[in-house]
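This report concerns only the one structure given below.
The values are calculated or read from the model by the stated rules, or taken from the named source; none is laboratory data. Every value quoted in this text rests on a predicted model; they were computed, and no experiment measured them. Here Cβ is always computed from backbone atoms with ideal geometry, including for glycine, and neighbour counts include all displayed protein chains.
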Amino acid sequence: MEKVAFLGLGAMGYPMAGHLAKRFPTLVWNRTFAKALKHQEEFGSQAVPLEGVAEARVIFTCLPTTKEVAEVAEVLLPHLRPGTYWVDATSGEPEGSRKLAERLLERGVVYLDAPVSGGTIGAEKGTLTVMMGGPEEAVERVKPYLAYAKKVVHVGPVGAGHAVKAINNALLAVNLWAAGEGLVALVRQGVSAERALEVINASSGRSNATENLIPERVVSRAFPKTFALGLLVKDLGIAMGVLDGEKAPSPLLRLTREVYEMAKRELGPEADHVEALKLLERWGGVEIR
Ligand code: NDP
């Protein structure tokens, strides 16, 4: 069976590569190599030095930004074989990825942007949504390898997957913050957040933020660290690039980016994205519960 490789065993990559290892011979590499060894032990993958992943027919990456993907690709370039597919699950940047795709094609390697949505829980369950950018034939060729996905949608040429992902995350950011503002006011008025959410989630104002994130993480006061605030702010920056590139009207998303930039300054990039609501709680003098 053809080998696959996964680079970047972070909060998302570690469980995603776990699903690959259950179905295919899987090589893994991580900058902090101890994580690759742990993965090997847990899932029966094979931890290899970076150059070692060039043996694989399909190479997956899930790194913070396109910058790190391009750096890793540059190191790997002399080792890569023609006919290799590079599936980039990073929430990356469209223009940088188009340049990377051209660079890889010089060696006969086909790059596809394939960011994911569904969070760490979706990665663990293998139920992620994948939005893919790239040539149709290549998308069809790699689809059977996406063992961590429940839904795969081909959205356009290289870069289109990243663009859709960035806009999706901008909507996540809007919904989360807007729900936080509304709930702070209701709590101050004496309505419990739990009761308010019971109504909203059976009504037209509901979103993933009101149905899942706020009840499970804010009302419960659990605030688990699954998706760093710094990464969401990165996605908002990518979304701005998409909007500005098209000269699209964007007053609300622009403001949303500013709000989250401020939250990042206040709470630090390592805070979880849902912790942004702690700022609203601080300003409003109440907890959302
Ligand atoms: P993490 O911070 O948990 O993991 C980042 C990974 O990248 C680690 O394996 C890290 O290695 C590696 N890395 C960081 N810098 C470098 C570098 N310079 N060179 C090589 N490797 C590097 O991030 P996530 O898994 O949360 O996110 C990864 C991508 O997935 C991001 O683009 C994010 O926006 C996206 N995403 C995240 C979701 C989430 O819920 N967390 C959901 C959907 C998409 P090391 O172990 O050595 O630090």
Handout entry: Test: residue in region 69-81 that is closer than 26 Å to residue 243 by Cα, within 18 Å of the chain's Cα centre (by Cα), away from the ligand (no atom under 11 Å from the Cβ) and modelled with pLDDT of 95 or more
Key = no
Completion exercise
Checked 17, 89, 114 against criteria (near the ligand (Cβ under 9 Å from one of its atoms), under 22 Å from residue 153 (Cα atoms) and under 19 Å from the mean Cα position of the chain (by Cα)); the one match is 89
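Checking the conditions here, which among 162, 154 is within 30 Å of residue 242 (Cα to Cα) and part of a helix (DSSP H, G or I)?
On the way: 154 fails: part of a helix (DSSP H, G or I).
Answer to the check: 162.
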Practice task
Please state which of the following conditions residue 244 fails to meet, knowing it meets all the rest: (1) charged (D, E, K, R); (2) assigned to a helix (DSSP H, G or I); (3) within 26 Å of residue 10 (Cβ to Cβ).
Solution key: (3)
Problem - Leading residue by the ranking (nearest to the ligand (Cβ to nearest atom)) among those in region 49-68 that are farther than 24 Å from residue 231 by Cα and part of a loop (DSSP other than H, G, I, E, B) - result: 49
